[in-house]
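In what follows, a single structure is set out as structure tokens and then discussed.
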Amino acid sequence: MSSVSHQFTTDNVAAIAAGLDRAGVPTIEVAHGIGLGASSIQYGQAAATDPEYIRAAVGAVEHADIAALYVPGIATLTELQGAIDAGIRTVRVAVHCTEADCAQQPVEWAKSKGLTVMCFLMMSHKLEPEPLAEQAAKLDSYGADVVYVVDSAGAMVPQQAGARVAALRSAINAHIGFHAHNNLGVGIANALTAAENGATYIDGSLRGLGASAGNAQTEVLAAAFERAGWRTDVDLFGLIDTAEHVVAPLMTEPQIVDETALVLGYAGVYSTFFHPTKRAAKKFGLPTRDILLELGRRGVIGGQEDMIIDVASELAGRTYETPEVAAV
């Protein structure tokens, strides 16, 4: 959704979900790219509401669980209840990698409602394996069914992904997942290494469609895992057909590792900063790399998109002052 400005229609969502379901993908995440409740001026207005998207997907599948993304501070339990009413059976609760405790309320609440709960430790590259495993243990204690190592910036290389998954494997009882972005061109390799170290849930996106350089490409994941000797239980050619004939025509631009995407991964900046940074660079007459490198130096995380303008303004030597209030 992020790479198409959240403008998929409910028909688009139904067609993609149906194709994934026919190919045997067991869990399909649906709704606004930033998660439940994110349709707004700040994060981008979606073409439909979260419940509308969810109902479209639920109506299009026969076997797959439909999931929604829940980011504490953006989504509320009321919105999660609305997603349950619309038909989700899985929720994916995403927190920054140092803030596992922020997930306790939604995880425990969702478990009480009978949902499968997957938890994301976003920007996992920012913590070394052992402290990341300590955060994962908190999520495990709250009742998470799956805990994900999430390379939100596409900043990891295979040995880093493998080390983090291995640390989680020795620290928690929950299943382990891995979510890759492809900014350094190693999203598939990272996913394979994650699996070799104990991850049993692997995320993908058809055609790699996703923020910045995109995610690990689902159909490529299926082919690579089969070639590596893994049993995937998905229909590779069904995935390819949906990617080529349903998703590809909806893409507004190719999903490539351009300069901005590459520097974003190199600097370790959240993938959804991709388009806002490009816009700020154009507005202030700056190279995108200068803005991204400074954002990386400052250690910004998801939710701090307002820092893009602050940094661009400072680098350009401009400041914005509040106009004086007119005398009455």
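Restricting attention to segment 253-261, does a residue exist that is modelled with pLDDT of 95 or more, assigned to a helix (DSSP H, G or I) and in contact with a Lys or Arg (Cβ under 8 Å, 6 or more places away or on another chain)?
Taking every residue of segment 253-261 in turn, none turns out to be modelled with pLDDT of 95 or more, assigned to a helix (DSSP H, G or I) and in contact with a Lys or Arg (Cβ under 8 Å, 6 or more places away or on another chain).
Being at pLDDT 95 or above, small (Gly, Ala, Ser) and surrounded by fewer than 24 Cβ atoms within 10 Å (Cβ to Cβ) is the requirement here; does residue 144 meet it?
no
Take the residues in segment 37-59 that are modelled with pLDDT under 95 and either among the aromatic types (Phe, Trp, Tyr) or in contact with a Phe, Trp or Tyr (Cβ under 9 Å, 6 or more places away or on another chain) (or both), then tell me which one is farthest from residue 78 (Cα to Cα).
Here the residue is 47.
Any chance segment 22-38 includes a residue that's in contact (Cβ under 8 Å) with a residue 24 or more places away in the chain, in a helix (DSSP H, G or I) and open to solvent by less than 10 Å² (accessible area, probe 1.4 Å)?
No, segment 22-38 contains no residue that is in contact (Cβ under 8 Å) with a residue 24 or more places away in the chain, in a helix (DSSP H, G or I) and open to solvent by less than 10 Å² (accessible area, probe 1.4 Å).
I need the full set of residues from segment 227-241 which are under 23 Å from residue 185 (Cα atoms), touching a helix residue (DSSP H, G or I) at 6+ places or on another chain (Cβ under 7 Å) and either assigned to a helix (DSSP H, G or I) or among the basic types (Lys, Arg) (or both), in order please.
236, 239, 240
Among 189, 224, 194, 216, which is the only one that is surrounded by fewer than 22 Cβ atoms within 10 Å (Cβ to Cβ) and under 25 Å from residue 129 (Cα atoms)?
From the options 189, 224, 194, 216, the qualifying one is 189.
Just a yes or no: is a residue in segment 266-275 modelled with pLDDT of 90 or more and open to solvent by 70 Å² or more (accessible area, probe 1.4 Å)?
yes
Among the residues of segment 58-73, are any under 16 Å from residue 29 (Cβ atoms), touching a Ser or Thr at 6+ places or on another chain (Cβ under 9 Å) and either assigned to a helix (DSSP H, G or I) or touching a residue at least 60 places away in the same chain (Cβ under 8 Å) (or both)?
No, segment 58-73 contains no residue that is under 16 Å from residue 29 (Cβ atoms), touching a Ser or Thr at 6+ places or on another chain (Cβ under 9 Å) and either assigned to a helix (DSSP H, G or I) or touching a residue at least 60 places away in the same chain (Cβ under 8 Å) (or both).
All but one of (1) open to solvent by less than 40 Å² (accessible area, probe 1.4 Å); (2) touching a helix residue (DSSP H, G or I) at 6+ places or on another chain (Cβ under 7 Å); (3) in contact (Cβ under 8 Å) with a residue 24 or more places away in the chain hold for residue 205; state the number of the condition that does not hold.
(3)
State which residue is modelled with the lowest pLDDT when the search covers only segment 74-107 and only residues that are part of a loop (DSSP other than H, G, I, E, B) and within 19 Å of residue 39 (Cβ to Cβ).
Initially, segment 74-107 is screened for residues part of a loop (DSSP other than H, G, I, E, B), giving 74, 76, 87-89, 97-99.
Filter again for within 19 Å of residue 39 (Cβ to Cβ), leaving 74, 76, 87-88.
Working: 74: 92, 76: 96, 87: 98, 88: 98.
Top of the filtered list is 74.
The values are calculated or read from the model by the stated rules, or taken from the named source; none is laboratory data. Nothing here was measured: the structure is a model prediction, and the numbers come from that model. Cβ sites come from the backbone with ideal geometry, for glycine too, and all protein chains shown count toward neighbours. These area figures cover heavy atoms from the full protein model, side chains too; ligands, DNA and RNA do not enter into them. Shrake-Rupley method; radii C 1.70, N 1.55, O 1.52, S 1.80 Å.
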